[in-house]
Amino acid sequence: MAIKESEAFVLMTYPLAEADKIAVLFTHHYGKIRAVARGARRPKSRFGACLEPLSEILASLFEKEGRELAVLRRCELLCSPFERAATPEGEVFLHHVAELVDAFQPPAEPHPAVYRLIRATRDTFLQGASLPALAAYFEMWMLKLGGFFASLEACAACGRAFRPEEPVWIARDGTPRCERCGGTLGGHVISAGYRPLLAEMLKRPPSEWVALPTPEEALHLHRLLTRLLRDVLERELRTKLSLGV
């Protein structure tokens, strides 16, 4: 038996019996944990707004050896994105972020870089950033941190450095290819004009990068990265239509 405390982002919740919920949390210190929030479905629940998607909380968890689910003993709300999430677009965006974190992160494996990415994305979201641009930024970095999106500097097959004016083919495994090595294999094409934007994405925080692309460029990158995510995850994303894909 163990009691654990950690900052955590709420990814999603599911109903359990008549009064409880299962909360999927991505904790800073312990990774992804599924926990029972007893009484969370009652009108006067002690959890209040703590269990909304992408709320950041300080969670106290009780784990018992051999049990699949922990118990969320109590939590303190640290930051809520509710103000902007009150719009349909904002709500869908938060669910999109939560879905990707849940899909990429295995249980009980902490990943501080992903936690920092979620926090920076949340903060930029609250500043009123363009949602397609912010979605593209988050998608790119989730692929990068998951090991699926390599550098765009050279072909992964032949090793030749890409020229500034040539497009890059991204294979279904996320590796970059030149036209000769990847042009006949399908995948996704990044035109030469978009490569500088992606390069800047890997150098800048989201609060800076979202100001660089035009709305059309941001939407194009978001659509491209969503298609790549679909290949990597081998399934459709639940939030794709609402974000313009």
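The values are calculated or read from the model by the stated rules, or taken from the named source; none is laboratory data. The structure displayed is predicted, hence computed values, not measured ones. Please note: Cβ atoms are built from the backbone with ideal geometry, for glycine as well, and neighbour counts cover all protein chains shown.
Taking Gly90 as meeting all but one of (1) at pLDDT below 95; (2) in a helix (DSSP H, G or I); (3) in contact with a strand residue (DSSP E or B) (Cβ under 6 Å, 6 or more places away or on another chain), write down the number of the exception.
(3)
Quick check on Ala49: is it more than 19 Å from the chain's Cα centre (by Cα) and either in contact (Cβ under 8 Å) with a residue 60 or more places away in the chain or closer than 18 Å to Leu94 by Cα (or both)?
Yes.
What single numbered condition from (1) in contact (Cβ under 8 Å) with a residue 40 or more places away in the chain; (2) of a type outside the set (D, E, K, R); (3) out of contact with any Ser or Thr (no Cβ under 6 Å at 6 or more places or on another chain) fails to hold for Phe138?
(3)
Can you confirm whether Ala157 is surrounded by fewer than 21 Cβ atoms within 10 Å (Cβ to Cβ) and farther than 24 Å from Cys50 by Cβ?
yes
Check off (1) within 20 Å of the chain's Cα centre (by Cα); (2) at pLDDT 90 or above; (3) among the charged types (D, E, K, R); (4) in a loop (DSSP other than H, G, I, E, B) for Glu166 and give me the number that stays unchecked.
Unmet condition: (1).
If you check Arg74 against the conditions, is it among the basic types (Lys, Arg), in a strand (DSSP E or B) and at pLDDT below 95?
Criteria met by Arg74.
Is it true that Glu109 is among the charged types (D, E, K, R), under 25 Å from His29 (Cβ atoms) and not in a helix (DSSP H, G or I)?
The answer is yes for Glu109.
Condition check ((1) modelled with pLDDT under 90; (2) in the same structural domain as Tyr115 (by TED's automatic domain parsing); (3) part of a loop (DSSP other than H, G, I, E, B); (4) farther than 28 Å from Glu56 by Cα) across all residues:
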position: Gly128; (1), (2), (3), (4): no, yes, yes, no
position: Ala135; (1), (2), (3), (4): no, yes, no, no
position: Trp141; (1), (2), (3), (4): no, yes, no, no
position: Phe149; (1), (2), (3), (4): yes, yes, yes, no
position: Arg172; (1), (2), (3), (4): yes, yes, yes, yes
position: Cys181; (1), (2), (3), (4): yes, yes, no, yes
position: Leu185; (1), (2), (3), (4): yes, yes, yes, yes
position: Arg238; (1), (2), (3), (4): yes, yes, yes, no
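May I ask you to say which residue of Ala17, Ala37, Ala2 is modelled with pLDDT of 95 or more and among the aliphatic types (A, V, I, L, M)?
Within the list Ala17, Ala37, Ala2, the selection yields Ala37.
Show the residue pairs that are 6+ apart or on different chains and have beta-carbon atoms under 7 Å apart, the first residue being within region 1-22 and in a strand (DSSP E or B), the second being among the acidic types (Asp, Glu).
Within 7 Å, the pairs are Ala2/Glu63; Lys4/Glu63; Glu7/Glu56; Phe9/Glu56; Val10/Glu52; Leu11/Asp102; Met12/Asp102.
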